[in-house]
Amino acid sequence: MMSSKAEQTIAVRALRNAAPYIRMYKGKVFVIKAGGGVFGDVEMTRQLIEQVAILHQVGIRVVLVHGGGPQLTELADALGVPTRIVQGRRVTDQRSIEVTAMVLNGLINTRILAICRDLNIEAVGVSGVDAGLVRAHRRPPVRMDDGETVDFGFVGDIDSVDAGVVSKLLDNGLMPVVSPLSADQNGTLLNINADTVAAALGSALNAEKLMLCTGAPGILEQLDDPSTLISYTDLHGLKRLRESRALADGMLPKARAIEDAIRGGVRRVHVISYKTPNSVLAEVFTNEGTGTLIVADLNALSPAEQQVPQ
């Protein structure tokens with residue numbers, strides 16, 4: 001309830017400003033990926049899902065993909081299962097894949113669905129295993145730049161995505177909440193990076209936007225310096241950042257996912273922080289946004305989209 005005329009004025013102005021975006025995006029598909037870091041804080045998790053709920057309620061066809069890295073590490077440590085991460089990707093042995101299934105398909109997916117129920121969102125939890133949504137194979141050993149050969153274990157690389165599985169849910173007004181766990185053709189469970197799954201889903205669904213919600217404010221020109229936030233860039237700029245080693249650790253698989261999504265037909269990719277208040281809504285319903293916007297070519301950006309937040 002509004003307690004003053006000033007609050008009413010602000011609310012009405014916000015709705016009027018958002019109206020053109022609502023008309024533009026109603027009926028379009030947004031794939032939103034939330035990193036596991038947000039789920040370590042109950043209030044932050046709820047704030048994120050509340051923003052997603054607004055998009056869903058104004059007619060945007062939202063697919064929410066979630067990670068769970070910190071929770072995986074926490075439970076693995078409690079169970080005495082060692083954790084190793086190479087270039088942002090988790091090495092997954094037999095015990096680790098069991099922990100992965102418990103955390104992703106159990107704890108986090110169910111927690112999100114419970115909040116969705118409280119917010120009156122008709123959400124359905126699925127994983128890459130369900131109805132062959134994500135078909136994958138076990139990644140072969142990889143030779144790293146330093147000469148070491150790393151066997152990632154039960155880590156999968158995607159062969160195909162059956163977009164029809166998710167489309168049926170969307171067509172019935174349901175919001176899919178997707179765990180990135182998948183399996184090979186023999187039913188062996190495989191851990192797949194959530195950014196990779198989100199990008200593949202975005203391409204398969206011809207999504208208007210892929211939004212990666214992470215702990216970082218966006219993509220930075222200089223590591224660990226938030227003041228060097230890049231407001232917008234393109235595939236050429238992303239390549240330059242990789243070559244200059246401005247991208248490291250978890251941002252490396254994100255960069256690959258961004259490239260795959262854009263080349264797969266996703267028009268806009270956004271990297272935003274779940275720590276910034278209302279970052280999802282600001283990124284969708286304003287030109288300035290809060291994080292980093294990535295497109296195939298900067299020439300595709302309108303002058304309004306090239307505004308830099310102050």
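Below are the figures for this structure:
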{"read-out": "Accessible area per residue in Å² at 1.4 Å probe, computed on region 90-181", "value": "47 Å²"}
{"read-out": "Region 95-120 versus region 252-291: alpha-carbon centroid distance in Å", "value": "23 Å"}
{"read-out": "C-alpha long axis of helix 42-57 to longest principal axis of the chain, angle in °", "value": "60 degrees"}
{"read-out": "3J(HN,Hα) from dihedral phi, region 58-74, Karplus parametrisation 6.51/-1.76/1.60, rounded to Hz, x for glycine, proline", "value": "8, x, 7, 8, 8, 10, 9, 10, 10, x, x, x, x, 5, 4, 5, 4"}
{"read-out": "Residue-averaged 222 nm ellipticity for the chain, from DSSP H runs of 4+ at -39500 (n - 2.57), nearest 500", "value": "-11500 deg cm²/dmol"}
{"read-out": "Carbon plus sulfur fraction of accessible area for the chain, probe 1.4 Å, in percent", "value": "51 percent"}
{"read-out": "Residue among 143, 90, 135 with the largest mean-square fluctuation in a Gaussian network model of the chain, springs linking Cα atoms under 10 Å", "value": "143"}
{"read-out": "Degrees between helix 194-204 axis and first principal axis of the chain (Cα, 0 to 90, nearest 10)", "value": "70 degrees"}
{"read-out": "Per residue accessible area in Å² of region 220-310, where ligands, DNA and RNA are left out and the probe is 1.4 Å", "value": "50 Å²"}
{"read-out": "Loop-located GluC sites (Glu not before Pro) in region 212-310, at most 16 other Cβ atoms within 10 Å (DSSP)", "value": "221, 288"}
{"read-out": "Choice from 107, 55, 205 with maximal GNM fluctuation in the chain (Cα, 10 Å cutoff)", "value": "107"}
{"read-out": "Accessible surface of residue 119 - all protein chains present, 1.4 Å probe, nearest 10 Å²", "value": "30 Å²"}
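The values are calculated or read from the model by the stated rules, or taken from the named source; none is laboratory data. All figures in this text were calculated on a predicted structure; none of them were measured in a lab. Ideal geometry is used to build each Cβ from the backbone, glycine not excepted, and the neighbour counts take in all protein chains shown. For accessibility, only protein heavy atoms count, side chains too; no ligands or nucleic acids. Shrake-Rupley method; radii C 1.70, N 1.55, O 1.52, S 1.80 Å.
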